[in-house]
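See structure below.
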């Protein structure tokens, strides 16, 4: 290979390395939980040219309590638990596939654990009574070992959250603790903030020390609500609306939350090395500078 060819070869390799954005694994319990992060994920894949995968714990078959309108849309009585558990898993898989396409998600890894019933009690799941914990652990360990993620996103494991949500968080945190390779991913917790509503205060989920938040780290923010385009016609809330609109089998999340959210707020788990704080800070600085900006008047 002559000198010119070598120069071009290494220049191309260098450009590929520069162009590669952050690699993210999102760990959630149900199809639609990722709507908490929807604008961040969209901006990471579309604007930072990053890669996002999702690991989804349950089959979604228990999400029928607010499906009255969905029942009409699908022409199926999915508010009935028997019908729902037969049909909802496939419906919700298709919904998350559609939503993932909007956000630019690369892969979805379905862990196929039962979405049995709503409870804030974490014990039946984390102890392995209702979920196959060794199976999930093995799959997460393989993903982290083979995919070289920079960051892992989970929901914020608040006390009043669904037991499935809290278990999914613990599965992510414990997978990071088990990780032995170089370049351990940084794991952070996401929540949403509605303008005028007090921000979530969270320090630790009682009984689970791995959920402790680093109190010296700032909260990292992504503003969905800033206006851009002519006469401030648009905001990134439009993306969140696109994503949530794919979940026609669900109801309460559309009615009660998504378009009202102004910020995505992220918390830094204490199990991370403190040196990772600057990496997360840079990620959110890059996100704030990317894409469309407000028109200066």
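The values are calculated or read from the model by the stated rules, or taken from the named source; none is laboratory data. In this text, all values refer to a predicted model and were calculated from it rather than measured experimentally. Counting neighbours? That spans all protein chains shown, and the Cβs are built from the backbone with ideal geometry, glycine included.
With the structure loaded, tell me whether residue 204 is surrounded by fewer than 21 Cβ atoms within 10 Å (Cβ to Cβ), touching a strand residue (DSSP E or B) at 6+ places or on another chain (Cβ under 8 Å) and under 27 Å from residue 263 (Cβ atoms) or whether it fails that test.
Taking the combined requirement at face value, the residue satisfies it.
Considering only residues that are more than 16 Å from the chain's Cα centre (by Cα) and in contact (Cβ under 8 Å) with a residue 40 or more places away in the chain, look in segment 185-201 and name the one that is surrounded by the fewest Cβ atoms within 10 Å (Cβ to Cβ).
Of everything passing the filter in segment 185-201, 195 is surrounded by the fewest Cβ atoms within 10 Å (Cβ to Cβ).
Answer yes or no: is there a residue in segment 156-167 that is in a helix (DSSP H, G or I), under 14 Å from the mean Cα position of the chain (by Cα) and at pLDDT 95 or above.
So far as segment 156-167 goes, yes, one or more of its residues are in a helix (DSSP H, G or I), under 14 Å from the mean Cα position of the chain (by Cα) and at pLDDT 95 or above.
Among the candidates 145, 217, 240, 189, single out the residue that is touching a strand residue (DSSP E or B) at 6+ places or on another chain (Cβ under 6 Å) and closer than 23 Å to residue 106 by Cα.
Result of the check over 145, 217, 240, 189: 189.
Restricting attention to segment 205-226, does a residue exist that is in a helix (DSSP H, G or I), free of Cβ contacts under 8 Å to residues at least 12 places away in the same chain and either closer than 30 Å to residue 86 by Cβ or under 16 Å from the mean Cα position of the chain (by Cα) (or both)?
no
Each row is one residue, and each column tells you yes or no for (1) assigned to a loop (DSSP other than H, G, I, E, B); (2) out of contact with any strand residue (DSSP E or B) (no Cβ under 6 Å at 6 or more places or on another chain); (3) touching a residue at least 60 places away in the same chain (Cβ under 8 Å).
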position: 43; (1), (2), (3): no, yes, yes
position: 49; (1), (2), (3): yes, yes, no
position: 79; (1), (2), (3): yes, yes, no
position: 84; (1), (2), (3): no, yes, no
position: 93; (1), (2), (3): no, yes, yes
position: 97; (1), (2), (3): no, yes, no
position: 102; (1), (2), (3): no, yes, yes
position: 121; (1), (2), (3): yes, yes, no
position: 128; (1), (2), (3): yes, yes, no
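Against the conditions (1) under 17 Å from the mean Cα position of the chain (by Cα); (2) more than 30 Å from residue 80 (Cβ to Cβ), where does residue 270 fall short? Just the number, please.
The one condition residue 270 does not meet is (1).
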